[in-house]
Amino acid sequence: MTSRRRVVLGSVGLAAAATGGGVAWWRGDRSARAQGAADALWALRFERPEGGSLVMADFRGRPMVINFWATWCAPCVRELPALQRFAREHAARGWTVLALAVDQPAPVLEFIARFKLDLPVAMAGLHGLEWQRTVGNPSGGLPFSVVLDAGGRVRQQRLGESHYDELVRWAAEAAP
């Protein structure tokens with residue numbers, strides 16, 4: 001092998017290693033940002049559509065699914081029965097599903113009454129929108145779900161419609 005060829009191949013190898021290291025750093029940084037956002041979650045309060053506040057510190061220490069949704073979002077509406085079923089069937093294991101609406105209070109209240117939604121519901125507001133961007137949804141797309149284990153660690157993030165079987169699998173993966 002000529003010395004020129006060794007230099008070129010060595011340079012290619014070095015570039016590949018640097019790229020791989022950069023990707024690993026970026027992923028690790030993104031993961032660290034998501035975990036930092038999860039830690040900051042406990043200081044947040046969200047207004048409930050019927051009045052009053054949902055205080056996130058009250059949920060600390062519980063595994064949970066936080067779902068961002070809207071009444072006008074078809075995939076959000078389709079996934080709500082799966083979220084309700086999961087919440088009902090996993091409550092005895094300590095799981096909570098919080099539904100943070102990216103909407104106005106009046107249509108949310110109408111939706112809750114019409115579809116008999118029995119999850120804790122609050123308005124995402126600006127803090128919620130910023131939180132979901134920081135935890136892994138920079139586009140702010142809906143629906144968006146985040147799974148936290150009982151230690152408050154982000155275990156799963158999902159942009160798009162979630163299904164019951166996925167929720168059960170995520171809960172099993174998040175179990176201690």
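The values are calculated or read from the model by the stated rules, or taken from the named source; none is laboratory data. Predicted model, so just to flag it, every value in this text is computed and none were measured. Note that we place each Cβ from the backbone using ideal geometry, even for glycine, and neighbour counts take in every protein chain shown. SASA here: full protein model, heavy atoms, side chains in, ligands and nucleic acids out. Shrake-Rupley method; radii C 1.70, N 1.55, O 1.52, S 1.80 Å.
Shape verdict for segment 89-154, please, from the Cα gyration tensor: rounded (a/c under 1.5), prolate (a/b greater than b/c) or oblate.
oblate
Would you mind getting the accessible area per residue of segment 90-151, heavy atoms of the protein chains only, 1.4 Å probe, in Å²?
45 Å²
Ignoring ligands and nucleic acids, what accessible area does E47 show with a 1.4 Å probe (Å², nearest 10)?
100 Å²
In a shell of Cβ-Cβ distance under 12 Å around E173, excluding E173 itself, what net charge do Lys and Arg (+1) and Asp and Glu (-1) give?
+1
Between R45 and E173, what is 0.36 nm times their sequence separation minus the Cα-Cα distance? Round to one decimal in nm.
Stretched fully, the R45-E173 segment lengthens by 43.3 nm.
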